[in-house]
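Participant: Right, I'll just put the structure down here and ask away after.
The values are calculated or read from the model by the stated rules, or taken from the named source; none is laboratory data. These figures come from a predicted structure and were not determined experimentally. Cβ coordinates were reconstructed from backbone atoms using ideal geometry, including for glycine residues, and neighbour counts include every protein chain displayed. The area values use the complete protein model at the heavy-atom level, side chains included, leaving out ligands, DNA and RNA. Shrake-Rupley method; radii C 1.70, N 1.55, O 1.52, S 1.80 Å.
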Amino acid sequence: MTSLTTTTDPTGDGRPVVNEVAGVPGGIGAEARAARADALDAWLRGIFPARDGIALIAVGGLGRRQCAPHGDLDLVLLHAGVPGTDELAASLWYPIWDAGLRLDHSVRTVAEALSVAQDDVKVALGLLDARHVAGDPALADQLVRTAADHWRRTAVRQLPRLREITTARWETHGELAFLLEGDLKEAAGGLRDVGLLRAIATAGVTDALRPAVHAAHRRLLDTRDALHQQVGRRVDRLVAQERDGVAKLLLLEDGDALLRRVAGDARTVSHALDDAWRAADRLRAGRHRTAGGRPLRRPVARDVVEQDGELVLARAAIGARPDPSLSLRVAAAAATTRLPIARATCEWLAAYCPPLPAPWPPAARAALITLLGAGPGLVPAWETCDRYGLVDGWLPEWTRLRSLPQHNPVHRFTLDRHLVQAAYEASRHTRDVDRPDLLLLGAFLHDIGKGLPGDHSTVGAPLAEAVATRIGLPEDEAALIAKLVRLHLLLPDVATRRDLSDPKTVAGVAERVGDTTTLDLLHGLVRADAAATGPAAWSDWKGRLVAELVARVRTALDTGVVPAPPAPDPALVAGPLPVVHLGEDRVSVAAADRRGLLATVAGCLALHRLEVISADAATVDGRALVQCRVQPRYGLAPDPIALRADLRRAVTGDVSVTQRLRGRALAARAQGAAPRVVWHREAATDAVLLELRAADAAGLLYRVTCALDEAGAQVRAARISTLGGDVVDAFYLVGGWPSDADRARVEAAVLAAV
């Protein structure tokens with residue numbers, strides 16, 4: 001009765017996909033979930049101890065008869081004060097554990113269960129799913145009826161606490177509609193939120209479970225079923241590597257189609273919950289009325305008034321011929337006041353607001369800029385308008401961008417949310433630029449070319465220019481928007497991959513940017529884009545590199561003179577050798593000039609788990625100087641005494657340190673796609689640039705610099721740029737390297753080292 005068996009993945013890879021307890025079936029869909037519930041009910045009745053005054057209650061998925069293939073059991077052993085309940089419980093719980101099932105259990109009387117529900121709103125919600133499985137049906141019915149009645153009487157008072165808990169959960173797990181790897185249960189718009197809607201509907205606050213919500217709920221449950229079946233265990237986070245397999249089980253085209261479906265369903269749930277929260281707020285606060293009994297209305301913008309905590313249209317706006325800019329003006333008012341737009345108002349705008357002409361009238365353009373620059377109010381206002389189709393009327397391109405996945409590990413959001421988030425982040429930098437409106441619009445449109453063939457910056461530039469022209473920007477400003485989109489990756493790419501002290505680097509960026517107005521706009525856009533991408537896209541060192549590049553380019557644009565390279569640290573060019581200086585994020589070494597010093601320093605830093613971000617090598621008065629910017633590879637700073645001692649021994653040729661370095665290097669080869677070398681002949685003043693694109697690995701810089709040294713190439717600078725699991729490392733090789741044969745020999749040595 002407690003045997004555990006498995007079935008095999010129908011996709012044919014042989015993985016176990018569903019644990020079967022006494023015939024509990026696998027499968028996807030409502031019928032499969034109900035069948036699992038029936039089988040579990042029958043199995044639990046078979047092991048339930050027959051005693052008077054006790055009942056077995058299922059809550060959670062089994063209580064709702066929505067059992068996932070690898071879900072756990074939530075059970076309550078209910079008793080009427082009978083003795084020996086601990087022994088009874090043990091006789092029930094142990095067979096369940098022996099069967100390999102996860103179990104959340106409790107033993108309570110009716111009064112105890114209700115008392116806990118009184119103090120814990122999550123328990124109160126759980127009891128709304130309570131269902132009799134075995135034992136005394138009258139006892140179970142008493143708890144089910146009383147818990148539901150208690151919730152209906154106290155829900156209005158308990159909902160604020162429930163909302164606090166829910167908001168904290170959302171902050172932890174994010175919004176399922178916009179995440180590339182969201183939690184189907186815990187994220188906003190997920191299965192947990194459907195339970196909230198059910199609770200609010202049970203309380204009679206509002207009709208929260210409309211047909212669209214039921215349909216979205218079924219699809220999310222199907223997705224979780226398929227995810228369990230694909231992975232072969234209980235998991236709720238839909239990670240990228242499982243999307244295609246889950247999509248195949250759901251008979252969808254691919255993982256992108258699955259992600260878009262999940263996003264749409266999560267949006268439906270989130271929107272319904274937003275409406276339900278507002279209905280609960282109105283019910284709890286009571287309606288504000290005039291002496292004549294009419295609702296109080298407060299003007300907040302032209303044609304927009306506040307009523308009962310929501311924005312509605314003024315009566316004059318409804319009675320007159322609608323202005324095409326009305327929907328944008330309502331959205332801007334919602335974003336700036338951070339008040340929601342009433343559902344009826346959104347529906348009216350979707351039905352009766354006329355389409356915008358091309359070019360847009362000034363009022364519409366001003367409203368869009370106000371909306372994009374509203375800060376925290378932008379995202380909810382934009383999402384509400386998107387829910388009712390208003391955004392598609394403003395920007396026909398939005399249909400293609402909505403819920404579009406981004407196949408890059410540094411991104412956390414789908415493309416549509418990334419663009420809106422970038423505009424929000426850009427609002428933090430509007431005081432740093434001459435044209436805040438162009439910064440907001442450029443941030444909003446910077447990735448509009450994604451999802452189309454070709455480089456998205458190049459492809460997106462004319463698309464952004466067309467949008468800017470349509471909304472009414474003059475020709476020169478529309479061209480500047482296109483330029484921002486085309487160059488939005490220029491500053492971070494150059495800052496992290498090129499030698500900023502090289503005059504040719506600065507001159508090249510200055511030539512492409514053209515003027516300080518564009519430079520400032522690009523700087524603001526870079527910071528907004530990185531913040532909207534995710535924590536892996538930005539760091540303090542990257543921010544400093546970009547700021548340093550901007551400062552040098554600004555000097556070149558203002559004066560026409562490229563700044564000279566900075567002088568070496570005086571402490572490195574004086575005193576006895578070797579010299580080792582350790583700073584917060586810098587390591588500087590001076591030693592007797594010899595070949596391979598950069599490789600030795602890089603290897604020693606790798607030995608102490610330090611990542612090299614940039615490295616510069618120079619020779620001054622017979623001294624070899626190596627200066628590196630570093631960061632801890634695993635977030636733990638090394639022991640400075642041990643690091644300094646190893647560096648001193650290594651740069652003086654200590655064989656023991658060298659042997660340790662080579663042993664570590666051989667054990668840490670990079671994995672992944674084949675590495676690639678790209679040569680740039682005109683990128684530097686006095687060197688040729690070798691760019692290595694490969695999978696990241698500990699000690700990679702050491703191995704490559706050793707290979708370059710053995711091939712006879714002198715490295716004067718290196719720039720290391722990590723993108724997720726890959727690196728783009730640039731090495732400045734002294735000399736022209738004009739010979740094809742010599743370049744091929746160096747390239748082969750580098751690839752062999754990787």
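Participant: When you look at Leu452, is it open to solvent by less than 10 Å² (accessible area, probe 1.4 Å), more than 24 Å from Leu349 (Cβ to Cβ) and either small (Gly, Ala, Ser) or free of Cβ contacts under 8 Å to residues at least 40 places away in the same chain (or both), yes or no?
Facilitator: no
Participant: In the stretch 370-380, which residues are open to solvent by less than 40 Å² (accessible area, probe 1.4 Å) and either part of a helix (DSSP H, G or I) or on the phi > 0 side of the Ramachandran plot (or both)?
Facilitator: Selection gives Leu371, Leu372, Gly375, Gly377, Leu378, Val379.
Participant: Among residues belonging to the stretch 695-721 that are part of a helix (DSSP H, G or I) and of a type in the set (Ser, Thr, Tyr), point out the one that is surrounded by the most Cβ atoms within 10 Å (Cβ to Cβ).
Facilitator: Thr705
Participant: If you check Glu253 against the conditions, is it within 16 Å of the chain's Cα centre (by Cα), without any contact (Cβ under 8 Å) to a residue 60 or more places away in the chain and in a loop (DSSP other than H, G, I, E, B)?
Facilitator: No: the conditions fail for Glu253.
Participant: Tell me, which residue of the stretch 118-145 that is touching a helix residue (DSSP H, G or I) at 6+ places or on another chain (Cβ under 6 Å) and assigned to a helix (DSSP H, G or I) is most open to solvent (accessible area, probe 1.4 Å)?
Facilitator: Of everything passing the filter in the stretch 118-145, Gln142 is most open to solvent (accessible area, probe 1.4 Å).
Participant: Return the total of residues in the stretch 309-331 being touching a strand residue (DSSP E or B) at 6+ places or on another chain (Cβ under 9 Å) and within 19 Å of Asp274 (Cβ to Cβ).
Facilitator: Selection size over the stretch 309-331: 5.
Participant: Restricting the search to the stretch 620-649, which residues are open to solvent by less than 40 Å² (accessible area, probe 1.4 Å), among the charged types (D, E, K, R) and in contact with a Lys or Arg (Cβ under 8 Å, 6 or more places away or on another chain)?
Facilitator: Arg629
Participant: Determine the pairs where a residue that is open to solvent by 40 Å² or more (accessible area, probe 1.4 Å), located within the stretch 739-754, has a partner that is in a helix (DSSP H, G or I) with Cβ atoms under 7 Å apart, the partner being 6 or more residues away or on another chain.
Facilitator: Once the first residue is open to solvent by 40 Å² or more (accessible area, probe 1.4 Å) and sits in the stretch 739-754, its partners that are in a helix (DSSP H, G or I) give Ala752/Ala707.
Participant: How about the stretch 96-117: which of its residues are open to solvent by 40 Å² or more (accessible area, probe 1.4 Å) and part of a loop (DSSP other than H, G, I, E, B)?
Facilitator: Hits for the stretch 96-117 are Gly100, Arg102.
Participant: Just checking, how many residues over the stretch 478-492 are open to solvent by 10 Å² or more (accessible area, probe 1.4 Å) and touching a residue at least 40 places away in the same chain (Cβ under 8 Å)?
Facilitator: Residues that pass the stated criteria total 2.
Participant: Moving on to the next point. Output yes when any residue across the stretch 97-109 is under 39 Å from the mean Cα position of the chain (by Cα) and free of Cβ contacts under 8 Å to residues at least 24 places away in the same chain, and no when none is.
Facilitator: yes
Participant: Can you name the residue in the stretch 224-244 that is open to solvent by 20 Å² or more (accessible area, probe 1.4 Å), of a type in the set (D, E, K, R) and within 15 Å of Ala68 (Cα to Cα) and is also farthest from the chain's Cα centre (by Cα) among such residues?
Facilitator: Ranking the candidates gives Arg233 first.
Participant: Moving to a separate point now. I'm checking my understanding of the structure. Among residues of the stretch 125-157 that are closer than 23 Å to Thr85 by Cβ and of a type in the set (Gly, Ala, Ser), which one is nearest to the chain's Cα centre (by Cα)?
Facilitator: Gly126
Participant: How about the stretch 249-302: which of its residues are among the polar types (S, T, N, Q) and modelled with pLDDT of 85 or more?
Facilitator: Of everything in the stretch 249-302, those that are among the polar types (S, T, N, Q) and modelled with pLDDT of 85 or more turn out to be Thr268, Ser270.
Participant: Still on this structure: Suppose the filter is in a helix (DSSP H, G or I), in contact with a helix residue (DSSP H, G or I) (Cβ under 8 Å, 6 or more places away or on another chain), under 30 Å from Ala532 (Cα atoms) and in contact (Cβ under 8 Å) with a residue 24 or more places away in the chain; does Thr166 pass it?
Facilitator: yes
Participant: While we're on this one: Let me spell it out: the conditions are (1) open to solvent by less than 10 Å² (accessible area, probe 1.4 Å); (2) over 19 Å from Gly29 (Cα atoms), and Asp274 meets all of them except one. Which number is the exception?
Facilitator: (1)
Participant: Quick one: in the stretch 204-214, which of the residues that are in contact (Cβ under 8 Å) with a residue 12 or more places away in the chain and in a helix (DSSP H, G or I) is surrounded by the most Cβ atoms within 10 Å (Cβ to Cβ)?
Facilitator: Only one residue fits best here, namely Val213.
Participant: Could you please let me know if Leu473 is more than 30 Å from Val562 (Cβ to Cβ) and either of a type in the set (Ser, Thr, Tyr) or in a helix (DSSP H, G or I) (or both)?
Facilitator: In short, no.
Participant: For the stretch 720-733, enumerate the residues that are of a type outside the set (A, V, I, L, M, F, W, C) and more than 15 Å from Leu610 (Cα to Cα).
Facilitator: Listed by number, the residues that qualify are Gly724, Gly725, Asp726, Asp729, Tyr732.
Participant: Looking at this structure, is Pro409 open to solvent by 10 Å² or more (accessible area, probe 1.4 Å), modelled with pLDDT of 95 or more and either over 20 Å from the mean Cα position of the chain (by Cα) or under 30 Å from Ala695 (Cα atoms) (or both)?
Facilitator: no
Participant: What number of residues within the stretch 529-574 satisfy the criterion of being among the aromatic types (Phe, Trp, Tyr) and touching a residue at least 12 places away in the same chain (Cβ under 8 Å)?
Facilitator: 1
Participant: I've got another one for you. Failed condition for Val133, given (1) without any contact (Cβ under 8 Å) to a residue 12 or more places away in the chain; (2) of a type in the set (A, V, I, L, M); (3) within 24 Å of Ala30 (Cβ to Cβ), with all others met?
Facilitator: (1)
Participant: Condition check: over 21 Å from Asp193 (Cα atoms), of a type in the set (Asp, Glu) and surrounded by fewer than 17 Cβ atoms within 10 Å (Cβ to Cβ). Does Asp86 satisfy that?
Facilitator: Yes, satisfied.
Participant: Ala334 fails exactly one of the following numbered conditions: (1) within 21 Å of the chain's Cα centre (by Cα); (2) open to solvent by less than 40 Å² (accessible area, probe 1.4 Å). What is the number of that condition?
Facilitator: Against the list (1) within 21 Å of the chain's Cα centre (by Cα); (2) open to solvent by less than 40 Å² (accessible area, probe 1.4 Å), Ala334 comes up short only on (1).
Participant: Restricting attention to the stretch 34-54, report how many residues are open to solvent by 10 Å² or more (accessible area, probe 1.4 Å) and acidic (Asp, Glu).
Facilitator: Qualifying residue count for the region: 2.
Participant: Then there is this: Ile57 fails exactly one of the following numbered conditions: (1) more than 16 Å from Arg224 (Cβ to Cβ); (2) touching a strand residue (DSSP E or B) at 6+ places or on another chain (Cβ under 8 Å); (3) open to solvent by 10 Å² or more (accessible area, probe 1.4 Å). What is the number of that condition?
Facilitator: Ile57 satisfies all of (1) more than 16 Å from Arg224 (Cβ to Cβ); (2) touching a strand residue (DSSP E or B) at 6+ places or on another chain (Cβ under 8 Å); (3) open to solvent by 10 Å² or more (accessible area, probe 1.4 Å) except (3).
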